[in-house]
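Only one structure is covered here, and it is reproduced in the block below.
The values are calculated or read from the model by the stated rules, or taken from the named source; none is laboratory data. All values reported here derive from a predicted model rather than from experimental measurement. All Cβ positions, glycine included, derive from the backbone under ideal geometry; neighbour counts span all protein chains shown. Accessible surface areas use protein heavy atoms only, side chains included; no ligands, DNA or RNA. Shrake-Rupley method; radii C 1.70, N 1.55, O 1.52, S 1.80 Å.
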Protein chains: 2
Amino acid sequence: MERKSFRKMACPIARSLERIGEWWSILIIRDALHGFTRFDQFQKSLSIAPNTLTRRLNALVDAGVLLRRRYSQRPPRYEYILTDIGRDFRPVLIAMAAWGNRYFAPEGPSVVLMDAKTRRKADPVLVDRRTRRALNERDFVFAAGPAASERTRRRYADVEQNKSTSSPGSSSRVRRKTRRAQ
Amino acid sequence: MERKSFRKMACPIARSLERIGEWWSILIIRDALHGFTRFDQFQKSLSIAPNTLTRRLNALVDAGVLLRRRYSQRPPRYEYILTDIGRDFRPVLIAMAAWGNRYFAPEGPSVVLMDAKTRRKADPVLVDRRTRRALNERDFVFAAGPAASERTRRRYADVEQNKSTSSPGSSSRVRRKTRRAQ
């Protein structure tokens, strides 16, 4: 797949994208979380070309998201098991499903997250583990972390200055420093 | 970009991926949430080819994630503002950043989410909005929703049967029905 590598970017989002590889991989992780482990299960679920699936599975194994395990000696057969890294991708999928259901399911949701016992629909929201406060834009910001480079520090210093000098409405976020646009 | 369309899939994750388009788009939304609005701001931040950036911005406008707005009549200049759909993608980015920081930042995190006032680092966790219970795998499952097709219903019925007949360890998730694998 032709695209720029995000590996050298400091941003944790870019690094996650680098590891995942591409869209198919997200759907493969989704299916693996559903309990699928075999090549033909993934293929049937995704209607994906076998060579593409092989490539994506291998990439996910290389990234440490899946573990390839032989389950039959003769003939040799393999299955793909989620590692802890892979299982911990679940919150990303839940957040993505909530977004998709909210905006791109005009006929109503086809897939929902629900309480396994009560069958009551869950409404996912991100909170801080300790304080249980919702991680909304007003109260929580992305900022340079302990391992940030000088460039990353400058970038986030700029962002904060930009936000603090404007009110929270979308139009007020416009920065007036740069003039060229397309 | 050559890839299969996910538009017809019922899965809300697939639909989200369809709308976002590709990796760059996720980083563009990230930058827009940082307050960037202008073409040259995105270009500088991402070191992206101008024609690729133009294509991605247009696709995000078509998807309803960004709004294109003229801010200067002469010469004509445009800025890109997040819509509500775009702003609501933030939980996906927070979850992705947490995953990246956890597994792919061996030198320590370069970017963290923190309380804007106290500067204390946040630890993002997904909970159910009403009950505040953590949405972990044991308690919450994906299941067919009200608009599910027959195929989707069958699929999730299979998944549940599969999970309920096996203990929660990864190896026990293996289904023994299918035999072919690669």
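Table for the structure above
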{"read-out": "R0 of 25 Å, Cβ-Cβ distance A:Glu107-B:Leu67: FRET efficiency to nearest 0.05", "value": "0.50"}
{"read-out": "Estimated FRET transfer efficiency when R0 is 25 angstrom, pair B:Arg130-A:Asp139 (beta carbons, to 0.05)", "value": "0.80"}
{"read-out": "Copies compared at B:Ser72 - label distances in nm, ascending, label defined 7 Å from Cα in the Cβ direction", "value": "6.7"}
{"read-out": "At 7 Å out from Cα toward Cβ: A:Glu150 inter-copy label distances (nm, ascending)", "value": "6.7"}
{"read-out": "Shielding by partners, peptide A:84-90 (average Cβ within 10 angstrom, other chains)", "value": "4"}
{"read-out": "Rg/Rg_globular for the range B:33-98, with Rg_globular taken as 2.2 N^0.38 Å and Rg from C-alpha atoms", "value": "1.17"}
{"read-out": "Stretchable slack from B:Arg120 to B:Arg74, in nm (0.36 nm times residue separation minus alpha-carbon distance)", "value": "12.0 nm"}
{"read-out": "Solvent-accessible area buried by B and A, counting both chains, probe 1.4 angstrom, square angstrom", "value": "12100 Å²"}
{"read-out": "Average beta-carbon neighbours from other chains, 10 Å sphere, peptide A:40-52", "value": "2"}
{"read-out": "Relative packing of B:108-120, A:82-94, which averages over residues the other C-beta atoms within 10 Å, highest first", "value": "A:82-94, B:108-120"}
{"read-out": "Residue mean of other protein chain beta carbons inside 10 Å, A:145-153", "value": "4"}
{"read-out": "Ascending list, in nanometres, of distances separating the A:Arg120 label from those of the other copies (7 Å, Cα toward Cβ)", "value": "2.9"}
